[in-house]
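As structure tokens, the structure follows; a few thoughts come after it.
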Amino acid sequence: MVPLRGRSGLADSRQLVLPLRAPSSPEFVFARAFRRLGIRRAMPDFHVEYRPFSSLRSNIALRGNRARVHISDVLAEAPPIVLEALAEILLAQLFRRRASEEARECYMAYIFEPAVRRRVDEARRSRGRVRLLPARGHHFDLAEIFSRLNQRYFDGELSSCRIGWTPRPSRSVLGRYDPAHHTITISRSLDSESVPLEIVEYLVFHEMLHIRIPLERRGSRRVVHSRAFHEAEKAFPHYGRVRERLKKIFSK
């Protein structure tokens, strides 16, 4: 691997190094990442476990000098360099450092591989579930709205999905598309006579666009709303006005 070089032209000592010998234990990998980050404290006693999480998540917790690391078992077969990257990312979060761009990009590149995304979705479908209320609410029928918007803006090409209201009203997350379960949920706080129909239609349209335009990777970042997404969203009638009305409703 070519060393990263900073502005001074010197090699960055924190570069990821792919081990050439037999794969190291996860604990050894975390110890090596700890040293690479130059953290000025006694090295923790690392204990790493792969867990059958329902999502692709990993965490680290420090109690005294014992660091417990839980990693999604979807990553159990990841190449050694990916574990090196994840170790650096988790340790940087724990000790309030900034993980290198190389580590973040290496990890993101791996989890965006189609085969890995399929394993993630399979784990989410088999281990997790999405709770939602029926599409027909007190004031709006989300299934009818989905069908109408599908014909009007997508030529009826979007495959039908489960759509419904959240079990509890939320003012922070108004809508969500879950690709693993192929579901759209809209906040129950919007099922009200005080909310204009075009607001609910816009939010359903927004989530439908997530079916058509999946998230992207840009370097080390996940891009949920890409430029193409924003351009497609403007096809909704009175897009600017609807966005402003939405902000006013939820700023009260």
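The values are calculated or read from the model by the stated rules, or taken from the named source; none is laboratory data. If you're wondering where the values come from, they're calculated on a predicted model, not measured in any experiment. Cβ: placed from backbone, ideal geometry, glycine included. Neighbour counts: every protein chain shown.
Does region 71-79 contain at least one residue that is over 27 Å from R127 (Cα atoms) and either outside any strand (DSSP E or B) or in contact with a His (Cβ under 6 Å, 6 or more places away or on another chain) (or both)?
Among the residues of region 71-79, not one is over 27 Å from R127 (Cα atoms) and either outside any strand (DSSP E or B) or in contact with a His (Cβ under 6 Å, 6 or more places away or on another chain) (or both), which makes the answer no.
How many residues are touching a Leu at 6+ places or on another chain (Cβ under 8 Å) and part of a loop (DSSP other than H, G, I, E, B) when one looks only at region 80-98?
2
For region 136-149, state whether one or more residues are hydroxyl-bearing (S, T, Y) and outside the structural domain of A42 (by TED's automatic domain parsing).
For region 136-149, residues hydroxyl-bearing (S, T, Y) and outside the structural domain of A42 (by TED's automatic domain parsing): present.
Suppose the filter is outside the structural domain of R104 (by TED's automatic domain parsing) and under 29 Å from V120 (Cβ atoms); does S170 pass it?
So S170 fits the description; yes.
Would you confirm whether or not region 85-108 contains a residue that is more than 25 Å from G219 (Cβ to Cβ), among the aliphatic types (A, V, I, L, M) and in contact with a strand residue (DSSP E or B) (Cβ under 9 Å, 6 or more places away or on another chain)?
No, every residue in region 85-108 fails to be more than 25 Å from G219 (Cβ to Cβ), among the aliphatic types (A, V, I, L, M) and in contact with a strand residue (DSSP E or B) (Cβ under 9 Å, 6 or more places away or on another chain).
When E157 is evaluated against the numbered criteria (1) among the acidic types (D, E); (2) assigned by TED's automatic domain parsing to the domain that holds R57; (3) more than 29 Å from P52 (Cβ to Cβ), which criterion, by number, is the only one it fails?
(2)
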